[in-house]
Amino acid sequence: MLPDQQTLIEAINQTMPFGKYAGWKLLQLPEPYLVWFYGKGFPEGKLGQQLALMYEVKLNGLETMLQPLLKTKENKTETMSKIPAKNINLLE
């Protein structure tokens, strides 16, 4: 796996450590929350970089495409079979 791929997977699966959405995976954070951080300024360090990346993901409409990379409670990556068919066909 390439370093950029690993960075993306780690950011998607990072748990928000504080605030109203503590415990949520960063990919699952509501877009308005990330827009708020964008306006206020992302925190320093790795978490801030990950939040900025998730802001860009949502801004560019890539959230659905990245959903299969979320890890479940069993610490396994979700399979495409768990994704509704309407979300798989990108040509619709």
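Numerical summary
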| item | result |
| --- | --- |
| Tabulated pairs, the stretch 45-66, first crowded, with 20+ Cβ neighbours inside 10 Å, second of a type in the set (S, T, N, Q) and modelled with pLDDT of 95 or more, C-beta under 9 angstrom, 6+ apart or interchain | 50/14; 51/14; 54/14 |
| Residue selected from the stretch 3-23 under the condition in contact with a strand residue (DSSP E or B) (Cβ under 7 Å, 6 or more places away or on another chain) and free of Cβ contacts under 8 Å to residues at least 24 places away in the same chain, by the criterion surrounded by the fewest Cβ atoms within 10 Å (Cβ to Cβ) | 23 |
| Count of the stretch 24-44 residues which are surrounded by 15 or more Cβ atoms within 10 Å (Cβ to Cβ) and charged (D, E, K, R) | 1 |
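Yes/no per residue for (1) modelled with pLDDT of 95 or more; (2) of a type in the set (S, T, N, Q); (3) out of contact with any Phe, Trp or Tyr (no Cβ under 6 Å at 6 or more places or on another chain):
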{"position": "31", "(1), (2), (3)": "yes, no, yes"}
{"position": "40", "(1), (2), (3)": "yes, no, yes"}
{"position": "47", "(1), (2), (3)": "yes, no, yes"}
{"position": "69", "(1), (2), (3)": "no, no, yes"}
{"position": "72", "(1), (2), (3)": "no, yes, yes"}
{"position": "80", "(1), (2), (3)": "no, no, yes"}
{"position": "89", "(1), (2), (3)": "no, yes, yes"}
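The values are calculated or read from the model by the stated rules, or taken from the named source; none is laboratory data. This is a predicted model, so every value here is computed, not measured. Please note: Cβ atoms are built from the backbone with ideal geometry, for glycine as well, and neighbour counts cover all protein chains shown.
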